[in-house]
Amino acid sequence: MSQLGLGMDYDEPSTRRRRSSGPLAVLVAFLMLAVIGVGAFLGIRSLTGSGSGDFEGEGSGSVTIVVAKGDSLTAIGRTLADAEVVASSDAFVGAASSDDRAESIAPGAYQLRKGMSGAAALELMLDPASRLVQKVVVPEGLRFEKTIVRITKGTDLTEDQVKEALSRAGALGLPAYAEGSVEGFLFPATYEFQPGVDADTVVKAMLTRFRVAAKEVDLVAEAKKRKLTPFEVVVIASLVQGESAPEDYDKVARVVFNRLEQGMPLQFDSTVNYALGKSDLQLSAEDLKTDSPYNTYVNKGLPPGPINSPGEAALTAVLNPAKGDWLYFVTTDPDTRTTEFATTYDEFLVLKRKFQENVG
């Protein structure tokens, strides 16, 4: 009896445990193989550039990538990896995160190479020569027709495309007080655009830059203090810009105000030149009789609009004119742009003769 009991208490349960261990062992083995497989997959991804691997060297060929405004270093790294410039985003981020210069990477298009190490890609992006830009340089005092030429020369845009965009200037940022005039509001500055830029973007950038300058000089409020409209300030600033050197802007602005207050015609050659579409140093008697609202020899008051795009210094001078009772000025030496001022007509004649002697 005791032997039967022992067999029932121990032998039978032992047999049941052995039978159940088989499936469990298979499951454990399967899981281990799965873990090994995933590890191998990740290792292969790393080696092929989808993970955190890195190429060696400077790469070869040519590829263009675009960094968007607001892109983080990680986003830039992904862009580079997608274009096969670097082996992985981590390769670039690893190099960039230890270099403070990486924060200076600006939005835009860059010409790089495929198969570069993260460090090599970073160095090339920091080289200004790798950045692809289309530059438009608009000097102060340029008329809008010549500004259009500058835009077409600096970009791939045609004259018709630029003019078509200018026809929509009101929707692109032209201030309401501009009274629909594009002349005077395409602000003079150096602009950089990505290759393939559209005309709307270019025009909008110039009008936005004007708004920045207008805010800097507090154009609307300061014009009101002088009992002028913002548009009138821009008109006068264009005259100041076209008639003198920067050091004399405030004096020329004073001459404008003095003549307007006395009801005298401005008699500015720059306005007649604008009407005639030229830039002659000396105008003929016939030129001075030109039938145009821009001819300030025959029409009193301001011309109907700006005659060029004035810069911030000219705007500031109009809002802060010099003190003086001058009514005349003559650029007596055009080569050095030396301008002299007079309060009487006789003094003006002396300056005029001095000018004629200098120009021969």
Please tell me if GLY173 is closer than 30 Å to ASP71 by Cα, of a type outside the set (Ser, Thr, Tyr), in contact with a helix residue (DSSP H, G or I) (Cβ under 6 Å, 6 or more places away or on another chain) and at pLDDT 95 or above. yes
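Name the single residue that is farthest from ASP248 (Cα to Cα) among those in the range 308-337 being over 34 Å from the mean Cα position of the chain (by Cα) and polar (S, T, N, Q).
Ranking the qualifying residues of the range 308-337, first place goes to THR332.
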Exception for ASP346 within (1) among the charged types (D, E, K, R); (2) without any contact (Cβ under 8 Å) to a residue 24 or more places away in the chain; (3) closer than 14 Å to SER244 by Cα falls at (3)
Of the conditions (1) open to solvent by 10 Å² or more (accessible area, probe 1.4 Å); (2) polar (S, T, N, Q); (3) in contact with a Lys or Arg (Cβ under 8 Å, 6 or more places away or on another chain), THR290 clears all except one; give me its number. (3)
Within the range 211-259, how many residues turn out to be without any contact (Cβ under 8 Å) to a residue 40 or more places away in the chain and among the aromatic types (Phe, Trp, Tyr)? 0
Consider GLN262 against the criteria (1) in contact (Cβ under 8 Å) with a residue 24 or more places away in the chain; (2) within 21 Å of SER309 (Cβ to Cβ); (3) of a type outside the set (Phe, Trp, Tyr): it satisfies all of them except one. Which criterion is unmet? (2)
Anything in the range 186-216 that is open to solvent by less than 60 Å² (accessible area, probe 1.4 Å) and part of a loop (DSSP other than H, G, I, E, B)? List them, or say none. LEU186, PHE187, PRO188, ALA189, VAL197
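The values are calculated or read from the model by the stated rules, or taken from the named source; none is laboratory data. What you see is a predicted model; the values in this text were computed from it and never measured. Don't worry about glycine lacking a Cβ; one is built from the backbone with ideal geometry, like all the others, and counts go over all protein chains shown. The area values use the complete protein model at the heavy-atom level, side chains included, leaving out ligands, DNA and RNA. Shrake-Rupley method; radii C 1.70, N 1.55, O 1.52, S 1.80 Å.
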